[in-house]
Each structure stands twice: as structure tokens, then as C-alpha cells.
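Participant: Supplied in C-alpha cells, the structure appears directly below.
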Amino acid sequence: MNRAPTKRQDDWRWQLAHRICDPTALGMAPHRACALSESGGAVFPMAVTPYYASLLQPGDPDDPLRIMCLPDPKETRRCEHLRFDPIDELRHSPIPGLVRRYPDRAVLLVSTSCPVNCRHCTRRSMGKGHLTALTPEGFQSALEYLTERPEIRDVILSGGDPLTLEDRALESMLRAVRKIPSVDIVRVGTRAPVTLPMRVTTELANMLARHGPLYVNTQFNHPRELTGQAADAVARLVDRGIVVSNQAVLLRGVNDRPETMLELCRGLLRARVRPYYLFLCDLWEGLEHLRTRVDEGLAIMEHLRGRISGMGIPQLVADLPGGIGKVPISPNHIVARYPDRTVLRALDGREVTYPEPEPARRKDRAISGSTP
Ligand code: SF4
């Protein structure tokens, strides 16, 4: 496809109203679509903006962007280790639509819909008897909850995608959250720069900048998502002092090759987006075919180190099942530790001794009486 956008296609409301929901319209074979419809609604419905659909490579079933937006009958597969709501958000929702898994942070779910229903979504059951968005009354209760708990300093507007809301609705939420003195920062979690870049209008960017310090966390997963339009959307935010970071998800067939991730991280830096996290895919039911081995994640991290500056290297993390929280996973460069020195493995495999500072070395001498 890759057609030049028309004026109408530049309108984000038009894009949302014309999302493609029929897999055969994006080239899925009718018998596969039939297998999906026979799943009895077990599969997360498809929704793709015409903009994102224009980035797909026609006729290529292995197109990484297609894998991220087209449903797959494999999603009906059940595995013992996969769960419904693996990160236990429902149990951590003191108010329907507010999730609190860490002492200092709270997530406000302000919308149930998204421009594109990503196949790997961790909120894939939103609005289906599971997590739900805050109602207007719920939003007031959430404000009271935040006000009464000054230890919550970081509030994240999420969903669904908050940028499916109109500017006015978003601004009234931001204004209300900003009035709480204990809230230091507000983050907005959105894939709109990736899936609906025309949503990031100058007016929206100006409005968001009025409520800073504000951070936008987005999710570019593949270099082809970094189009000129996407880069322009990011630039409108960054030019106004909004920090934009990327939380990619490591997905089989999408970005599991080290070279792909390197290209993505380089592109993100060029677009002034800080690669922040690289998530292992959550243990959601139906996502086994998209998951990668931990070793593959570590190999990617090893590949990035030394090929791009530290600024461009995301932290590989797993969001542990059971709502325990995120944990960083790092290649191990420590070979051995002693009181006076640590032996480290360099990127080329050499082992190098790194001495501790003098006081520690003196203390060690006093204890052992000798230094090896
Ligand atoms: S934009 Fe985010 S919340 Fe929406 S479907 Fe994609 S991953 Fe899920």
C-alpha cells in the first residue's frame, strides 16, 4: 500500500471512525478468518487504523507489522503457564479504573479503546468484565484516593489509549490531577505516535505542555513504525519540553533479531525518543506464539552494548506474574567478586580486574594481612 495520505486521512477522528475490523480486509485468508470467528469471541477483536494498515506489506504473512495487528488463530491456544491478567491488575484496583501496584505510583485507566488493538496487548480484556475505565464518578473517587495518599507522586494516564479522548476531556483530567500537591509528575501512556500520529496535533501538544512536567511513554516495536509522520508527531511533543520515552515489547517475528532492535534504537534516538524499557511479552493467554526466550532478550542486550551509546539502550525487563512488579534482566558481566577487587568480563570476552578504592583495600589487608 504505502499511499500518500489524503487530507481526510490526516484527520485523526476520521482514522478512528474508519478503523478496519475485518481481518480479510487486510489479506487474511477466509479459512483463517473463519477459524477466528469460530473461537466464540475468545480472540481479542481486530481494529487497525487506515494509517497503520497503509504501513503493512501486502501479501507478506510474516510482515512484522502485520503480526502486531492481525489476529492469529494461534491466539486460541491455551498453555498451562499462561494466565488471564498475569500481572494481576484487577486485584490491584482499589477503585475500578485505578491500578496501584507500586507504593509511589498509580495508573488511571481513562479510556477503553485504542487506534490499533495490538495483538500483544496486556489490557486485551478491558471493558469485558475485567478492567474498566474510570467513570466520571470513579474519576472523582480516584482524585480523593490520590489526595489522601501523598506517597503517590507519579500518576500515569493510560487505558486503552488516553489519546482517543478529545483534548478538552484530557485537559480537564490533567488539570484535576495537577491540583493535587503531592503529585510530582504525570505520565501519559499512548501508542498514538505509532498508530495514529495525526492525533498529536499542535493544539494537543500545546495543551499537554501546559500541564508539565509531563512524560509521554509510547511503544515503537519495529523500525518501520518510525515513519516521517510518526517522527513529526514526536517532534511536536519534544519541541514543547515533553519527554518522550519508548517501552518496546519483545515479540517473536517482530523485533527478536538483534539487528532489528539496533535499528529501532538508533531510529528512536534520531527522533529524540529515549529507549526506556524492552519488555518480555506478558504471560497472557493466547500469546505463546509471540513470546521469546529470556536468552534471546539477553543476546539482544549484548548486541546493543558497544554498538550504540548507553542512551540508546533500553532496560530489558519482565513484568513478573502475580502482580509482583517489574524486574530488570541484565547480561552478567561480573565473573568474580573479592573484597578488594571485582573481575569483569569485557564486551570482547576478556576478563579484567577492577580494583576497589583504597579504603576497602586497606580494610581487607587489615583483615587478611596480605593482598594477593
Ligand atoms: S495501544 Fe496499548 S493499550 Fe491499546 S491495544 Fe495497543 S498495547 Fe493495548
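Participant: Taking θ as phi - 60°, what are the ³J(HN,Hα) couplings along region 51-56 by the Karplus curve (6.51, -1.76, 1.60), each to the nearest whole Hz, with x for Gly and Pro?
Facilitator: 4, 5, 4, 5, 8, 6
Participant: Between rounded, prolate and oblate, where does the chain land on the alpha carbon gyration tensor, with a ≥ b ≥ c its root eigenvalues, rounded for a/c under 1.5, else prolate if a/b exceeds b/c?
Facilitator: Here the chain falls in the prolate category.
Participant: Once you wrap a convex hull around the alpha carbon atoms of region 205-250, what is its projected area averaged over all directions, in nm²?
Facilitator: Working: hull surface 12.8 nm².
Dividing the Cα hull surface by four gives the mean projection, 3.2 nm².
Participant: Also, quick follow-up: Within region 341-356, find all residues whose amide N lies under 16 Å from a label point positioned 7 Å from the Cα of residue 307 along Cα-to-beta-carbon.
Facilitator: Hits in region 341-356 for residue 307 at 16 Å: 347-349.
Participant: Gaussian network model of the chain, Cα springs within a sub-10 Å range: biggest mean-square fluctuation belongs to which of 198, 173, 301?
Facilitator: Most flexible of the set in this elastic network: 173.
Participant: I'd like the trypsin sites (Lys or Arg not before Pro) in region 155-207 restricted to DSSP loop residues with at most 14 other Cβ atoms within 10 Å, sorted by number. Please report the intermediate quantities before stating the final value.
Facilitator: Details: sites: 168, 175, 178, 179, 187, 191, 199; in loops: 179, 191.
Qualifying residues, ordered by number: 179.
Participant: Just in region 33-79: which trypsin sites (Lys or Arg not before Pro) are loop by DSSP and have at most 14 other Cβ atoms within 10 Å?
Facilitator: In loop regions of region 33-79 (DSSP not H, G, I, E or B), the sparsely surrounded trypsin sites (Lys or Arg not before Pro) are 77, 78.
Participant: Distance between the C-alpha centers of region 307-340 and region 113-165? Whole Å please.
Facilitator: Here the answer is 28 Å between Cα centres.
Participant: Let me ask something additional. Please work out whether region 8-74 counts as rounded, prolate or oblate from its C-alpha gyration tensor, where a ≥ b ≥ c are the square roots of the eigenvalues and a/c under 1.5 means rounded, while otherwise a/b larger than b/c means prolate and anything else oblate?
Facilitator: It is oblate, given that a/c is not under 1.5 and a/b is not larger than b/c.
Participant: So which trypsin sites (Lys or Arg not before Pro) in region 202-251 end up in coil per DSSP with only 14 or fewer other C-beta atoms within 10 Å? It would help to have the intermediate numbers written out before the result.
Facilitator: Working: sites: 210, 224, 236, 240; in loops: 210, 240.
Loop-located and lightly packed - 210.
Participant: For residue 215, list long-range residues whose amide hydrogen, built 1.01 Å from N in the peptide plane, is under 5 Å from its own amide hydrogen.
Facilitator: Sorted by chain and number, the residues that satisfy this are 186, 187, 188.
Participant: Related question: Can you give the longest stretch of the chain with no exposed loop site, where a site means GluC sites (Glu not before Pro) in a DSSP loop (not H, G, I, E or B) with at most 11 other C-beta atoms within 10 Å?
Facilitator: On the way: sites that count: 38, 80, 148, 151, 166.
By the stated rule (loop sites, at most 11 other Cβ atoms within 10 Å), 167-372.
Participant: Under a Cβ-Cβ cut-off of 11 Å, what is the net charge of the residues other than residue 193 that fall near it, where Lys and Arg count +1 and Asp and Glu count -1?
Facilitator: Net local charge, residue 193 excluded: 0.
Participant: If you take every DSSP beta bridge fully contained in region 98-328, what fraction is antiparallel? Give it as a percent rounded to 5.
Facilitator: On the way: 7 of 34 bridges.
Antiparallel bridges: around 20 percent, rounded to the nearest 5.
Participant: Please state the shape class of region 233-310: rounded when a/c is under 1.5, otherwise prolate if a/b exceeds b/c and oblate if not, all from the C-alpha gyration tensor. Don't skip to the answer; put the middle values down first.
Facilitator: Working: a/c = 2.69, a/b = 1.53, b/c = 1.76.
Oblate.
Participant: Same structure, new question: Take every Cα-Cα pair in region 1-141 and report what % of them are more than 24 Å apart.
Facilitator: Counting every Cα pair in region 1-141, those more than 24 Å apart make up 43 percent.
Only the coordinates and a few stated rules stand behind these numbers; no lab work does. All values derive from a computational prediction rather than experimental measurement. Virtual Cβ from ideal backbone geometry, glycine too; neighbours counted across all protein chains shown.
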